[in-house]
1. Put +1 on the Cβ of every Lys and Arg and -1 on every Asp and Glu Cβ in the chain; which of 58, 128, 148 then has its Cα farthest towards the positive end of the dipole?
2. When the chain is fully extended, how far beyond the present Cα-Cα distance does residue 113 get from residue 36, taking 0.36 nm per residue of separation?
3. Carbon and sulfur together cover what percent of the accessible area of the chain at a 1.4 Å probe radius?
4. Quick one: if you stick a label point 7 Å off each Cα along the C-beta vector at residue 80 and residue 44, how many nm between them?
5. What FRET efficiency do you get for residue 100 and residue 29 if R0 is 22 Å and r is their Cβ-Cβ distance, rounded to the nearest 0.05?
6. Pick from 139, 122, 14: which residue has the top mean-square fluctuation in a GNM of the chain where Cα pairs under 10 Å get a spring?
7. On average, how much accessible surface per residue is there in the chain, in Å², for a 1.4 Å probe, leaving out ligands, DNA and RNA?
8. How large is the helix-only mean residue ellipticity at 222 nm for the chain, computed as the sum of -39500 (n - 2.57) over DSSP H runs with n ≥ 4, divided by its residue count, in deg cm²/dmol to the nearest 500?
Amino acid sequence: FNFVMELKTIKRSGWINKVKVKNPESVADHTYAMSTMVMVFSDILGLKTERALKMAILHDLGESIVGDYEPHVISRKEKESRETEAIDCILNLLPLEPRKEYKNIWKEYLNNKSSIAQLVHGVDKFEMAFQAKKYESQGYPSHILRQFFTSVKNEVNDSKVLRLLEHTEDAVFPDKDS
């Protein structure tokens, strides 16, 4: 559990480097918020919520070893490779049955083909937009934060997930076009 605890100390790098947030959320903060959203959206969509939650919790666990990389700092392939190696290191400390299950969930997340994986990937981006809105309300510049709002639509592929996120976005970001 030391790896999980480590996530509390790792600050999300994009908020530091792009927005200059003085006290940014940690990876653990992000994972908790995201997991809550995944739970609700998974139930609404009729997916296997327990599996979706496990995937949301696992999705950034490798960052406890490799840190939080911004997109384009390293290639997606390199990021996946480093995080998979870290996940393997962490999961190899567990008994065989949960280790096998979690490794399968991790592979499903990376493949991003299942409805659950697409939901988790979409909510990963969506939570970031929620956080950007929070920072905007704290006085951080809208023109810099706008990129975090638009990345949701650009990177979510599943149409059901996108409709659900857009419906929620309309409620949370009513001035998104201004």
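1. Working it through, the farthest residue towards the positive pole turns out to be 148.
2. Values: separation 77, 0.36 × 77 = 27.72 nm, distance 2.17 nm.
Net length gain for the segment: 25.5 nm.
3. Working: 5400 of 9850 Å².
Carbon and sulfur together cover 55 percent of it.
4. Each label point is offset 7 Å from its Cα along the Cβ direction, giving 2.8 nm.
5. Details: r = 29 Å, r/R0 = 1.33.
The formula returns an efficiency of 0.15 here.
6. In the Gaussian network model the winner is 139.
7. Normalised by residue count, the accessible surface of the chain is 55 Å².
8. Values: 9 runs with 121 residues, N = 178.
The per-residue figure over the chain is -21500 deg cm²/dmol.
The values are calculated or read from the model by the stated rules, or taken from the named source; none is laboratory data. No experiment lies behind these values; they were computed from the predicted model shown. Ideal geometry is used to build each Cβ from the backbone, glycine not excepted, and the neighbour counts take in all protein chains shown. The accessibility values were calculated without ligands, DNA or RNA, using every heavy atom of the protein model including side chains. Shrake-Rupley method; radii C 1.70, N 1.55, O 1.52, S 1.80 Å.
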